[in-house]
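Report on one structure; see the data block that follows.
Readers should treat all values here as calculations from the given coordinates under stated rules, not as data from a laboratory. Only a predicted model underlies this, so the values are computations on that prediction, with no experimental measurement involved. Because the Cβ atoms are built from the backbone with ideal geometry, glycine has one as well, and the counts that use them run over all protein chains shown.
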Amino acid sequence: MSSAPASNVGFRTLVLVGFAVFGCFVGAQAQNKADLQKERDAIQAKIATTEKLLNQTASNKKDALVQLRLVNERMSLREQLIRHHQAEIRALERSMTNTDSEIRSLEGHIAAMKDEYARMIQAAYKHSLGHNPWMYVFAAEDFAQAVIRFQLLQSYSSLRKEQVEQIQGSQLELAENRLSLEAKRVELEKVLADVRSERNRLADDRSQRQALVESLKGEESRLRAQVQQAEAEKKRLNDAIRAIIEAELKAERASSAGEFALTPEGKIVSAAFERNRSALPWPVLRGVLTGKFGRQPHPSLPGITIDNNGIDISTEAGSSVLSVFGGTVSSTFEIPGAGWTVILSHGAFRTVYSNLKTATIAKGGQVEAGEKIGTVLTANGQSTLHFEVWRVQGNSHSPQDPAQWLVRH
């Protein structure tokens, strides 16, 4: 009798440790699922914005190129969404495997406890504890033996009650795990259906892209003229931006005995800007990236490449343009056909906001992060903000990829 309680305690301890480990695993799975849901919601929000922009341009045949870029972006987003669904499927499958393992473990644990309980009852009856427990005490040869038998009787009653409670608790947990497993099976079927649905939509997007490409083939001469005009406007913008930055550098060198150097305040601002790499907010509240940084092939004209010192963000008409970081207004200027441009200084960095309909700030003013600096220009049904980030070091100045500085959107 004395060995049974010790064995029971050791087994129970092992099972409790296993439950604790499993609980930690379930907590991690729940966190992973929450992260996946958050990312999926963000992707679906961007798809919704893309579809809204596509609906705005659908009636204008001249916007076929913009539609093509938006469709390409929506396809990319759908592929991301499918990958997230697949990651969720893998997470669900792992969780189901572990829940199934836990069920089998609980079933074995319950069977072992029932077997141990049965042996305990048999041993109790063998020693007359079950049939007439008090006769077992009174049949003692002396008082000392009676005390020992009384304590044994108390231990037996307590252990029996504990065993019953453990069996009932484990059976309840087993039922809950079975319900959880069934719920996960239902959720898995839903996610699999979502994947099939997104793949069908992706196939529709591919068909729409092919139709747009075919429609653009007959407009090559117009598109080439459009590219030339856009490149001429971009050159004027680039020249103006470089001239302003070089003039600032020249003024800085003149004020520091011919040697360019940041002021202590400028160094603090630069360091703060640097620390926010990949964490800067977007310059519009809702938008879709339709023009990447650097040299990119034209989406429909073979042999034509487009150089881009920044990124282009398609957004809704009348959208506010916001500062991505606190700073000083270096310059505001207008280029015919390209709208207004605002340049903000952040120590050794500059942010450039182009294609604005209006600019609500003036040169020399101070702006805070998230402050409105203007509204985006809408031309030919398109509302696209051009955004750049420049690094100014010593006598050199070079454009950076803004996508590497903005928070992942």
#### Entry: Over the stretch 294-406, relative contact order from alpha-carbon pairs under 8 Å, at least 6 apart, %
29 percent
### Query
If you add up the charges near residue 177, with Lys and Arg at +1 and Asp and Glu at -1, over every other residue whose beta carbon is less than 14 angstrom from its beta carbon, what do you get?
-2
### Cβ-Cβ FRET estimate between residue 279 and residue 178, R0 fixed at 45 Å, reported to 0.05
0.50
### Residue-wise HN-Hα coupling along the stretch 178-186, computed from phi with Karplus coefficients 6.51, -1.76, 1.60 (Hz; x: Gly, Pro)
5, 5, 4, 5, 5, 5, 5, 4, 5
## Note on the structure
Pseudo-spin-label distance residue 86 to residue 45, built 7 Å along Cα→Cβ, given in nm, is 2.6 nm
### Task
Scale the Cα Rg of the stretch 264-409 by the rule-of-thumb value 2.2 N^0.38 Å and send over the ratio, two decimals.
1.02
### Query
How about the stretch 274-350: which GluC sites (Glu not before Pro) there are in a DSSP loop, with at most 15 other Cβ atoms within 10 Å of their Cβ?
none
## Note on the structure
Residues whose built amide H sits under 5 Å from the amide H of residue 373, excluding neighbours closer than 5 in sequence, are 321, 322, 323
### Task
Give, rounded to the nearest 20 debye, the magnitude of the charge dipole that the stretch 230-404 has about its Cα centre when Lys and Arg contribute +1 at Cβ and Asp and Glu contribute -1 at Cβ.
120 debye
